[in-house]
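Student: Here it is, the structure, as structure tokens.
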Amino acid sequence: MKYKNTSRLSRLLSREKIRRWLYTALITCMIGTIFPGCEKSEDDNPFPEEDPLEAYLSAAGFSSGDVTSQMITEDTEAGLVFTPQVDGIINAIIVKIPNHKENLRVTLWDADAKTVLLTTYIPMAHNDIEFIQDIAPFNVTKGVSYAITMNVTSYYQHLKSGNAPSYPITAGNIVIDQSLRQVTSQQIFPESDISNSYIGNISFVFRQTE
């Protein structure tokens, strides 16, 4: 009898431990501090990811024009000035160039102050292959002007027939304000406005958060 009572007590204690563990797991899941799967994550964001480049090229008329591959001897800093129409984050950088380049530098700028906000390097950009590099979520604010540029020795030049496009150009939740370039190997803000063409391809993955 003593053995049987002890066994029953052990079973009761085991059940009590299980109930306490489940209760603890439920609470920690609710507050999202211990169990990673219970934490609020980017997957809870109901808004889709956006790459504004295709919409920009289409709206500007570049998608129906000529695209030429340019192999140059001088380093060139080229990219776009853009303004988010909603608060959001940039999750990744997208690059595609006609010739390979190691340690391709990409810069995110405060376009008004012309100061560097973020620098990242693409380890290897291959010929004519789109490369997407994830970055830590980078917050961008509605109505603030930013720029994204890359430093390259080859690029695609997108042209359109007729008049140059009229800026700004809306591409989803992103407004493209300018297309820029400057011959330099230094990390300096490009000053030359090239509204009659686009030099790329440089873009990003944006996701609304508000």
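The values are calculated or read from the model by the stated rules, or taken from the named source; none is laboratory data. Note that this is a predicted model, so its numbers are computed, not measured. No Cβ is skipped: glycine too gets one built from the backbone with ideal geometry, and neighbour counts run over all protein chains shown. Side chains included, ligands, DNA and RNA excluded: accessible areas come from the protein's heavy atoms. Shrake-Rupley method; radii C 1.70, N 1.55, O 1.52, S 1.80 Å.
Student: I want to confirm something. Restricting to segment 165-183 and keeping residues that are touching an Asp or Glu at 6+ places or on another chain (Cβ under 7 Å) and over 18 Å from TRP109 (Cβ atoms), which single residue is surrounded by the fewest Cβ atoms within 10 Å (Cβ to Cβ)?
Tutor: Among residues in segment 165-183 that are touching an Asp or Glu at 6+ places or on another chain (Cβ under 7 Å) and over 18 Å from TRP109 (Cβ atoms), the one surrounded by the fewest Cβ atoms within 10 Å (Cβ to Cβ) is GLY172.
Student: Which one is nearest to PRO84 (Cα to Cα) among residues in segment 51-72 that are in a helix (DSSP H, G or I) and not aromatic (Phe, Trp, Tyr)? Outline the logic, then answer.
Tutor: Step one: filter segment 51-72 for residues in a helix (DSSP H, G or I), giving 52-60.
Cutting the leftovers down to not aromatic (Phe, Trp, Tyr) gives us 52-55, 57-60.
Values: PRO52: 10, LEU53: 13, GLU54: 16, ALA55: 14, LEU57: 17, SER58: 18, ALA59: 17, ALA60: 18 Å.
Among those that are in a helix (DSSP H, G or I) and not aromatic (Phe, Trp, Tyr), it is PRO52.
Student: Filter segment 184-210 for residues that are open to solvent by less than 10 Å² (accessible area, probe 1.4 Å) and within 25 Å of ASN99 (Cβ to Cβ); which is farthest from the chain's Cα centre (by Cα)? Let's see the steps before the verdict.
Tutor: We begin by selecting, within segment 184-210, every residue open to solvent by less than 10 Å² (accessible area, probe 1.4 Å); these are 190, 197-200, 202-204, 206.
Checking which are within 25 Å of ASN99 (Cβ to Cβ) leaves us with 190, 197-200, 202-204.
On the way: PRO190: 21, SER197: 23, TYR198: 19, ILE199: 19, GLY200: 16, ILE202: 11, SER203: 8, PHE204: 4 Å.
Selected residue: SER197.
Student: Continuing with the same structure: Would you kindly identify the strands (runs of 3 or more DSSP E) lying entirely within segment 112-210 that contain at least 2 residues that are closer than 18 Å to ASN91 by Cβ? Give the steps one after another, and end with the answer.
Tutor: On the way: elements: 115-125, 131-140, 146-159, 169-171, 174-183, 197-200, 202-208.
Because the criterion is at least 2 residues that are closer than 18 Å to ASN91 by Cβ, the strands (runs of 3 or more DSSP E) in segment 112-210 that meet it are 115-125, 131-140, 146-159, 202-208.
Student: Take ALA60 and tell me if it is small (Gly, Ala, Ser), out of contact with any Cys (no Cβ under 7 Å at 6 or more places or on another chain) and at pLDDT 95 or above. Steps first, answer last, please.
Tutor: On the way: small (Gly, Ala, Ser): yes; out of contact with any Cys (no Cβ under 7 Å at 6 or more places or on another chain): yes; at pLDDT 95 or above: no.
Against the criterion (small (Gly, Ala, Ser), out of contact with any Cys (no Cβ under 7 Å at 6 or more places or on another chain) and at pLDDT 95 or above), ALA60 does not qualify.
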